[in-house]
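Here the structure comes first, spelled out in structure tokens, and everything after it is commentary.
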Amino acid sequence: MNKIKYAVLDALMNYHRRWGLNIIVSVSFALGMILPILCLGNINIFVENISTIRLKNNADVWVAYFDESAVSGKELASSLKDIPLEICNYAISAQKRANAEINGYRNDLFICCLTEEWLEFENCKVVEGSLDLFSEENVCLIELSFAENHGGLKVGDTITINEDAYMVNGIFSSFNYYGNVLLLISNFEYTDNPDLVVTKLYFRTEGKKSDDEEILNMLIRSGMPAKYVRSGEEIYRKDLKSGIYKSLSIIGVGLVSFIFSAINICLVLIGKMNLDKRNYGIRMAIGASNQLIFLSALMENLICFFAAYLCDIGLIYLLKPTYPEGLTVVLNARVYAVAFIFGIIMTTIVTSVAMFRLRKHNLVELFERVS
């Protein structure tokens with residue numbers, strides 16, 4: 001215990017004595033680890049939302065997808081009566097392009113407008129507040145990544161959409177409605193609104209089951225311009241496969257970035273320790289044990305890593321407003337823990353290897369100046 005305490009104090013003094021070099025090392029650490037952390041955060045989106053991919057009771061659920069043409073929600077409701085299927089409930093999801101003012105900034109974005117039955121089909125994870133979109137007017141729900149990308153919106157905050165103010169009633173996480181704002185469709189005159197485009201029709205059937213082609217033909221014959229129809233189970237398999245493939249590609253980028261990060265850590269630490277080999281030689285000459293020298297060097301390098309790790313966390317949040325559109329990360333304890341453990345392991349391994357190499361030199365070689 002005394003050795004560790006002495007090593008920590010010695011490392012702090014050495015860090016202060018060589019502060020210029022150690023700052024360079026910390027900055028190199030930080031720049032090498034930003035991309036791996038972002039990759040882990042992006043993969044984490046899929047991991048966090050796996051449970052939301054499956055539709056509720058998806059065995060009996062069908063989803064019809066519509067073209068970009070504007071379709072009246074009331075026309076859809078009326079046309080459903082003409083379909084020769086036992087439809088027990090249905091929900092409509094539509095999109096509307098809107099001008100939104102969020103935290104003083106104006107954005108053009110697509111708003112998702114829903115009928116009340118939507119929650120009977122989609123699975124969502126509540127992050128904050130509730131999914132109650134339908135008990136009162138002028139409330140909205142926002143997906144977690146949307147909240148994070150717009151200044152960390154919270155429940156109770158207000159966003160203005162087409163000059164109307166809506167209070168955030170809940171923040172949720174969802175694979176299918178990732179990055180969206182949800183409003184009740186009745187907030188708009190959707191019978192006569194050319195900007196409101198119906199994109200999905202959810203419905204659940206009873207009795208006779210049909211295949212997707214047969215149901216698509218039924219919808220078209222009833223006057224619905226459906227593009228294609230998918231069963232709940234088919235949607236689940238497709239989305240799951242898509243999420244896995246995307247995650248694997250990001251894992252590939254992440255592994256490459258981890259390798260480059262590891263190489264960066266190796267080169268920086270080995271270079272730093274070579275520059276300081278005279279100091280290690282002096283300690284060996286006056287009788288310091290190899291264990292104590294190693295502990296002191298390890299503690300000093302870990303301090304560099306801790307400084308770099310804190311710098312990365314600050315940079316990630318500082319640069320968040322400048323992320324390219326479509327790049328969103330979910331950074332939680334799991335992501336930070338993996339990055340932290342990776343840095344600790346790499347620092348320990350590289351320090352051990354560098355010290356082993358230095359111990360193989362005689363004192364004359366250690367006292368040679370590094371050009």
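Read-outs: derived from the displayed coordinates by stated rules, not from any lab. This is a predicted model, so every value here is computed, not measured. Backbone-built Cβ (ideal geometry, glycine too); neighbour counts: all protein chains shown.
Note on LEU267 and SER186: the extension gain reaches 23.0 nm, defined as 0.36 nm multiplied by sequence separation minus the Cα-Cα distance.
Applying 1/(1 + (r/R0)^6) with R0 = 22 Å to the Cβ-Cβ distance of ASN103 and ILE313 gives a FRET efficiency near 0.50.
Stretched out straight at 0.36 nm per residue, the stretch from GLU116 to LYS238 would grow longer than its current Cα-Cα span by 41.3 nm. Here the simple spin-label model places points 7 Å from the Cα toward Cβ, and for LEU35 and TRP19 these points are separated by 3.2 nm.
Distance cut-off 22 Å, Cα to Cα: go down the list LYS125/LYS238; LYS154/LYS200; LYS125/LYS227; LYS56/LYS238 and report the pairs above it. Numbers along the way, then the final one.
Values: LYS125/LYS238 20 Å; LYS154/LYS200 28 Å; LYS125/LYS227 29 Å; LYS56/LYS238 16 Å.
Over 22 Å apart, Cα to Cα: LYS154/LYS200; LYS125/LYS227.
Spin-label model, ILE87 to LYS56: label points 7 Å out along the Cα-to-beta-carbon direction sit 1.8 nm apart.
Ranked by Cβ crowding within 10 angstrom, fewest neighbours first, how are GLU86, GLU143 ordered?
Values: GLU86 10, GLU143 25.
Going from sparsest to densest Cβ surroundings: GLU86, GLU143.
Quick check on the exposure proxy: order VAL353, VAL198 from fewest to most C-beta atoms within 10 angstrom.
On the way: VAL353 14, VAL198 25.
Fewest-to-most Cβ neighbours within 10 Å comes out as VAL353, VAL198.
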